[in-house]
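The values are calculated or read from the model by the stated rules, or taken from the named source; none is laboratory data. No experiment lies behind these values; they were computed from the predicted model shown. No Cβ is skipped: glycine too gets one built from the backbone with ideal geometry, and neighbour counts run over all protein chains shown.
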Amino acid sequence: MCDTAVVVDGGKVLFAKNSDRDADERDHLEAQWLADPPAPRDAFTTADLALAEWTERVVTTPVEDVRPWWAHRYWPVRNRRARI
């Protein structure tokens, strides 16, 4: 899960994103690549493996639904109206 915010102030735009994923994992991987750039095929293989691992953790981690009551109905209502 992540939160995203955008602030526009005096012609300046600030984008912010908060992720539940540990930044150290990505930072470690990027630092390795900067110190010793891998071949493109190796980089994509490593990235695919990391993505699969992160995705598995997201899918298997239980998360409490803390949305407000009206948000629980948002997508089901839209799906019903679209006849999905």
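Worth a mention:
- Residue check, ALA43 in a helix (DSSP H, G or I), under 15 Å from the mean Cα position of the chain (by Cα), at pLDDT 85 or above and surrounded by 11 or more Cβ atoms within 10 Å (Cβ to Cβ): no
- Number of the condition not met by VAL77 [criteria: (1) at pLDDT 85 or above; (2) part of a loop (DSSP other than H, G, I, E, B)]: (2)
- The lone exception for PRO37 - which of (1) outside any loop (DSSP other than H, G, I, E, B); (2) modelled with pLDDT of 90 or more; (3) not aliphatic (A, V, I, L, M) it fails: (1)
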